[in-house]
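Colleague: Dumping the structure here so I can ask a few things about it.
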Amino acid sequence: MADITDSGTDAAKSQPRKSSWRYIGPGIVVAATGVGAGDLVATLIAGSKFGYTLLWAAVIGCIVKISLAEAAGRWHLATGRTLFEGWRSLGQWTTVYFAIYVVIWGFVYGATAMSSSALPMVALFPDGPGLKTWAVLFGLLGLLFVWFNRYLVFEKFMTVVIGMKFLIVVYVAIRVAPDLGAAFAGLAPVLPDGSLLYTLGLIGGVGGTITMAAYGYWVNAKGWTNTSWMKVMRIDNRVAYITTGVFVVAMLIIGAELLHSSQIALTSGDRGLIDLGVVLEERFGVVTAKLFLIGFFATSFGALVGVWHGVSLMFADFVERFQRERRTGEAVGERTVDEVASGARERSVPFRAYLLWLTFPPIGLLFLDQPFGLVVVYGVLGAFFMPFLALTLLWLLNSSRTPAEWRNGIVSNVMLAAGGLLFVILCVQQVRDLPW
């Protein structure tokens, strides 16, 4: 395996870019992609069961995710290598894991994302097409949008999505009249009886899974390819997870005020948001309920488009690295982030092949019950991804693979180690809860 330790030398000499809000972009994309409908339901249920008591866990969760995404972005900028190239340097086992994961995960996630996008449209237009028709339509729309547009257009679209989500969720949170005293009290770390799993879920589950690994690819697609962009990337990343934090807090407020006080239970999964729409209509009228369903749609379809783009970039990098290594017999020696920044990845055959994989095979799952064995394998692989990401970043950023000045400090090591431990605990729990 060729050494990749000297790749950041020239980049490290670059002058830091002047920080400016006009540069913000990849963070907006990861915020729009990372918080899906399932995350919102999990936060709502936590608020409905425990009120404001677990607000502190949501805040800690955002801090953990800031550290994790910063590490992914720092690897790309400091080394000139993509994250998959870093994983590959740790051994062939990473290639095997990622290959299995990305194929099975994409197959099942595609159907999940399409269904999630369709649910609010069925509620908004009950006399219109059925769930499966809407789902197929949104899968095809996501495919066409990502196929024919490059990163900058994609980023503008995701900015609109995040704006819709932000305004609508915050509006509903204000509408339910939050108890600010109770909210501030919820910042004190307290664990009510029976709240441990909900607490771990809030810390570890909201704000992205594989999309966090995609953050470094979006940083490069933006044109940030060396350490001169490090300060800008860090500001961008903080904006992403502060925005995510606002979503989480707003949904916790809605759960606490609207559901906890009334002892209303939600359906598990994305359909819980449909239940909430009914509650909102009864309490605040049809306009608020419709607005919330539009926000639900923006959340789900934004996550769909974000995954269609970001994970396809990762898959394209994976395939092209693997093919080139097989031809040359060793790891790639030149900088790899420049290929992502050039837009070549978005036009590549592997990128478009994975787009097709995310769209067409999952349509079959919409018309069938998901095969039992596939659900189990999907659950296991998904549970292992966040520990895999946190612990491999901890490894990469403390080794000679990263230029010395950009290796982890104490804070980064503590946060990545704590996140890795948390994700291992969540992984064990998720695997135990699978329908074996």
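The values are calculated or read from the model by the stated rules, or taken from the named source; none is laboratory data. Bear in mind that the values here come from a model prediction, so they are computed numbers and not experimental data. In this analysis, Cβ positions are derived from the backbone assuming ideal geometry, glycine residues included, and neighbour counts consider all displayed protein chains.
Colleague: Filter the stretch 18-29 down to residues that are part of a helix (DSSP H, G or I) and at pLDDT 85 or above and give me whichever is farthest from Pro192 (Cα to Cα).
Modeller: First, pick out the residues of the stretch 18-29 that are part of a helix (DSSP H, G or I): 21-23, 26-29.
Checking which are at pLDDT 85 or above leaves us with 26-29.
Working: Pro26: 37, Gly27: 33, Ile28: 34, Val29: 35 Å.
Here the residue is Pro26.
Colleague: Follow-up question, since we're still on this one. Need pairs with beta-carbon distance below 9 Å; first residue touching a residue at least 40 places away in the same chain (Cβ under 8 Å) and within 19 Å of Pro361 (Cα to Cα) and within the stretch 88-105, second surrounded by fewer than 16 Cβ atoms within 10 Å (Cβ to Cβ) and among the aliphatic types (A, V, I, L, M); sequence gap 6+ or separate chains.
Modeller: So the pair list comes out as Ile104/Leu374.
Residue-wise test of (1) in a helix (DSSP H, G or I); (2) farther than 25 Å from Gly163 by Cβ; (3) modelled with pLDDT under 90; (4) basic (Lys, Arg).
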position	(1), (2), (3), (4)
Asp3	no, yes, yes, no
Ser14	no, yes, yes, no
Ile45	yes, yes, yes, no
Ala99	yes, yes, no, no
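Colleague: Under 22 Å from Ala213 (Cβ atoms) and at pLDDT 90 or above: which single residue out of Ala37, Ala69, Ala32 fits that description? Break it down stepwise before answering.
Modeller: On the way: Ala37 fails: at pLDDT 90 or above; Ala32 fails: at pLDDT 90 or above.
Step by step, each of Ala37, Ala69, Ala32 is checked, and only Ala69 is under 22 Å from Ala213 (Cβ atoms) and at pLDDT 90 or above.
Colleague: crowded, with 23+ Cβ neighbours inside 10 Å, small (Gly, Ala, Ser) and farther than 30 Å from Thr392 by Cβ: is that true of Gly255 in this structure? Spell out how you get there, then give the answer.
Modeller: On the way: crowded, with 23+ Cβ neighbours inside 10 Å: yes; small (Gly, Ala, Ser): yes; farther than 30 Å from Thr392 by Cβ: yes.
Answer is yes for this residue.
Colleague: Could you check how many residues of the stretch 190-201 are part of a loop (DSSP other than H, G, I, E, B), of a type outside the set (Asp, Glu) and exposed (fewer than 13 other Cβ atoms within 10 Å of the Cβ)? Spell out how you get there, then give the answer.
Modeller: Within the stretch 190-201, the subset part of a loop (DSSP other than H, G, I, E, B) is 190-195.
After this cut, where a residue has to be of a type outside the set (Asp, Glu) as well, the list is 190-192, 194-195.
Narrowing further to those that are exposed (fewer than 13 other Cβ atoms within 10 Å of the Cβ): 194.
Looking only at that region, the number is 1.
Colleague: Of the residues Trp56, Trp75, which single one is assigned to a helix (DSSP H, G or I), surrounded by fewer than 24 Cβ atoms within 10 Å (Cβ to Cβ) and not aliphatic (A, V, I, L, M)?
Modeller: Values: Trp75 fails: surrounded by fewer than 24 Cβ atoms within 10 Å (Cβ to Cβ).
Unique residue meeting the criteria: Trp56.
Colleague: Which ones in the stretch 234-249 are more than 15 Å from Met212 (Cα to Cα) and either at pLDDT 90 or above or crowded, with 24+ Cβ neighbours inside 10 Å (or both)?
Modeller: Answer for the stretch 234-249, where residues must be more than 15 Å from Met212 (Cα to Cα) and either at pLDDT 90 or above or crowded, with 24+ Cβ neighbours inside 10 Å (or both): Ile235, Phe247, Val248.
Colleague: Next up: Keeping to the stretch 142-158, report how many residues are assigned to a helix (DSSP H, G or I) and in contact with a helix residue (DSSP H, G or I) (Cβ under 8 Å, 6 or more places away or on another chain).
Modeller: Step one: list which residues in the stretch 142-158 are assigned to a helix (DSSP H, G or I), which gives 142-148, 151-158.
From what is left, the residues that are in contact with a helix residue (DSSP H, G or I) (Cβ under 8 Å, 6 or more places away or on another chain) are 142-143, 145-147, 151, 154-155, 157-158.
Summing the residues that are assigned to a helix (DSSP H, G or I) and in contact with a helix residue (DSSP H, G or I) (Cβ under 8 Å, 6 or more places away or on another chain) in the stretch 142-158 gives 10.
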